């Protein structure tokens, strides 16, 4: 009976390991990719999953697609958002302020 209990504990640890090393990172990456695709806007340089590189010139929210202009001949294609492999435009993100640091600084200045 004692050996059976340890086997169940071992299986539980394996399942726990699979969750934290395989399933959880995959879900996190999928959320980041979805956020990246939703953040694509006019003027962004994008690469599709098929390797087509272009610039977004229009957004159609009703059917969840983008109009992408490619090359020097200005060919325009409509591409679904799920087909965007990467958004290549680099944006400057505003710095996040730490509320605790601000509170500590204000307390020190009050004293």
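Give 38, 30 a once-over and let me know the one that is in contact (Cβ under 8 Å) with a residue 40 or more places away in the chain and out of contact with any strand residue (DSSP E or B) (no Cβ under 7 Å at 6 or more places or on another chain). Steps first, please.
Details: 30 fails: in contact (Cβ under 8 Å) with a residue 40 or more places away in the chain.
When all the criteria are applied, what remains is 38.
Scanning for something within 24 Å of residue 71 (Cβ to Cβ), in contact with a helix residue (DSSP H, G or I) (Cβ under 9 Å, 6 or more places away or on another chain) and not in a strand (DSSP E or B), does the range 25-36 turn up at least one residue? Walk me through it before giving the result.
Taking the range 25-36 as the starting set, the residues that turn out to be within 24 Å of residue 71 (Cβ to Cβ) are 36.
Retained after the next criterion (residues that are in contact with a helix residue (DSSP H, G or I) (Cβ under 9 Å, 6 or more places away or on another chain)): none.
So far as the range 25-36 goes, no, none of its residues is within 24 Å of residue 71 (Cβ to Cβ), in contact with a helix residue (DSSP H, G or I) (Cβ under 9 Å, 6 or more places away or on another chain) and not in a strand (DSSP E or B).
Coordinate-derived values only; no laboratory data. Note that the structure is predicted; figures quoted are calculated from it, not measured. When we count neighbours, we look across all protein chains shown, and the Cβ atoms used for this are built from the backbone with ideal geometry, even at glycine.
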